[in-house]
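Some notes on the structure that comes next.
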Amino acid sequence: MSFTFDRVFIVTYGRSGSTLLQGLLNAIPGYRIYGENAGFMFKLQDSYEALLLAHKHLANPKNDNESQPWFGSSRFDSESVTREFRKFVNTMLFRPHLDPSHKVFGFKEIRFNNMQHENIDKYIQFIRRLFPETAIIFNTRKIEDVVKSGWWRNSYWSGLPAQLAEFHEFCGHYSEKNPDHAIHVTYDDLILADRKEVLRLLDFLGASVGEEAIDAVFRGNHSYANRTITAYMNGRVENVTLEQPDWWRQNIDEFRIELAPTPSGSSLAGVFLPAIGSNARLFVEAGGDRMELAGTLSTPKLGAQFTANPAAGQAGFEIEMRPGESMRLFGMCDDGAEVVVGVVRRGSASSPRASSAASGKVSAGKE
């Protein structure tokens, strides 16, 4: 297969669906697109520009001698620096010699939303100077869904939506001006069943992938829509079967629950913290009782963890329920519709808690 490009770089930000895009590209025969490398190329760009600046300060290479402040800068020039840096990146990141079947290499990087646009432009120029046959894939996602993700909630700030919107605008403008080597795709369109965005991307790359291979990518665990509840949340709800994974991801910053037997039924304690911008409510139903799990108790540790969420400091709950064969959790959101989002498993009830509501603490999870 002949390819339009030999290097492909994903330019994006956190929780944009870039891992799904990475998986889709790796489904193309001959492609090897790696994940993040902690901004390696940003730092390399600084070194590259430093050497070019050093060479530039030597006005006449013939006068390169020990009396010159930039002595030795004639040992390299733009051509040699570019050549050696290209070899270095290939050796460190891509290693094409290890598998001749791979013809197109690249990686994704997510640290672009807070970069000045002119610096993103310079970075792309640097990449394309090292690798002239480079494709830039800008990847974005609905901002309201991005900021709801747990990854952003811990570092949310009021200017984030505007910052992401400006980055989206840059992606659109750049790809429109440079259609020969840049394309702007969105996660929201990539996951559509009609696969039009996928085919548009493949057409841009001059590549093809079978329908079965594409479907396998979207069934994989890097597909946000099909991923199970994160281990982060599962570790704190060991006695609950969670359902409706997307409801939890989009609406909840933290949920922990403990169940202890009492003479009249069960005592439930824990924390329920809706995400910023979500008006999610959670109800538990058992033995004919129905009660809301709403934060009324102090949770200072949670407040320190989720500093941007004003409800984090008082997200604890403790209630008593009558006996029942099962406890169902109902979630309610913006549209007022209720959905079953979990079932409490009585068989794995916790032992009685050492603390109580009177102490102002909740001993669910680590709070």
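For every residue, the table says whether it meets (1) in contact with a His (Cβ under 6 Å, 6 or more places away or on another chain); (2) open to solvent by less than 90 Å² (accessible area, probe 1.4 Å); (3) of a type in the set (Gly, Ala, Ser).
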position: ASP46; (1), (2), (3): no, no, no
position: HIS57; (1), (2), (3): no, no, no
position: SER73; (1), (2), (3): yes, yes, yes
position: ILE124; (1), (2), (3): no, yes, no
position: LYS142; (1), (2), (3): no, no, no
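Working only within the range 324-352, note down all residues that are more than 35 Å from the chain's Cα centre (by Cα) and either buried (at least 16 other Cβ atoms within 10 Å of the Cβ) or at pLDDT 60 or above (or both). Correct list: GLY324, GLU325, SER326. Candidates in the range 29-43 are the residues that are open to solvent by 20 Å² or more (accessible area, probe 1.4 Å) and in contact (Cβ under 8 Å) with a residue 12 or more places away in the chain; of these, the one that is farthest from the chain's Cα centre (by Cα) is PRO29. All conditions but one from (1) exposed (fewer than 14 other Cβ atoms within 10 Å of the Cβ); (2) part of a loop (DSSP other than H, G, I, E, B) apply to ASN119; the one that does not is (2). Scanning the range 227-255 for residues being modelled with pLDDT under 75, exposed (fewer than 15 other Cβ atoms within 10 Å of the Cβ) and over 19 Å from the mean Cα position of the chain (by Cα) gives a total of 2. Checked against (1) at pLDDT 90 or above; (2) closer than 20 Å to LEU242 by Cα; (3) open to solvent by less than 10 Å² (accessible area, probe 1.4 Å), GLU292 passes all but condition (3). Scanning the range 87-112 for residues that are touching a strand residue (DSSP E or B) at 6+ places or on another chain (Cβ under 6 Å) and either β-branched (Val, Ile, Thr) or modelled with pLDDT under 95 (or both) returns VAL104, ILE110. Within the range 1-28, can you find the residues that are over 19 Å from PRO132 (Cβ atoms), more than 19 Å from the chain's Cα centre (by Cα) and at pLDDT 95 or above? Scanning the range 1-28 gives ALA27, ILE28. Only a single criterion out of (1) part of a helix (DSSP H, G or I); (2) open to solvent by less than 40 Å² (accessible area, probe 1.4 Å) is not satisfied by ALA135, namely (1).
Please work out if GLY360 is more than 19 Å from GLY265 (Cβ to Cβ), surrounded by 18 or more Cβ atoms within 10 Å (Cβ to Cβ), at pLDDT below 85 and among the small types (Gly, Ala, Ser). Against the criterion (more than 19 Å from GLY265 (Cβ to Cβ), surrounded by 18 or more Cβ atoms within 10 Å (Cβ to Cβ), at pLDDT below 85 and among the small types (Gly, Ala, Ser)), GLY360 does not qualify.
Residue-by-condition table, conditions (1) among the acidic types (Asp, Glu); (2) within 27 Å of PRO29 (Cα to Cα):
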{"residue": "LEU53", "(1), (2)": "no, no"}
{"residue": "ASP64", "(1), (2)": "yes, no"}
{"residue": "SER67", "(1), (2)": "no, no"}
{"residue": "ARG75", "(1), (2)": "no, no"}
{"residue": "ARG95", "(1), (2)": "no, yes"}
{"residue": "PRO100", "(1), (2)": "no, yes"}
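Name, by its number, the condition in (1) at pLDDT 80 or above; (2) open to solvent by less than 20 Å² (accessible area, probe 1.4 Å) that does not hold for GLU258. Among (1) at pLDDT 80 or above; (2) open to solvent by less than 20 Å² (accessible area, probe 1.4 Å), the lone unmet condition for GLU258 is (2).
Condition first: out of contact with any Leu (no Cβ under 7 Å at 6 or more places or on another chain), of a type in the set (Phe, Trp, Tyr) and under 21 Å from ASP6 (Cβ atoms). Can you find one or more residues in the range 62-73 that meet it? Within the range 62-73, none of the residues are out of contact with any Leu (no Cβ under 7 Å at 6 or more places or on another chain), of a type in the set (Phe, Trp, Tyr) and under 21 Å from ASP6 (Cβ atoms). The single residue among PHE272, PHE317 that is over 14 Å from ASP253 (Cα atoms), at pLDDT 90 or above and of a type in the set (A, V, I, L, M, F, W, C) turns out to be PHE317.
The values are calculated or read from the model by the stated rules, or taken from the named source; none is laboratory data. Bear in mind the structure is a predicted one, so any value in this text is a computation, not a measurement. Neighbour counts run over all protein chains shown; Cβ positions are idealised from the backbone, glycine included. With ligands, DNA and RNA removed, areas are computed over all heavy atoms of the protein, side chains included. Shrake-Rupley method; radii C 1.70, N 1.55, O 1.52, S 1.80 Å.
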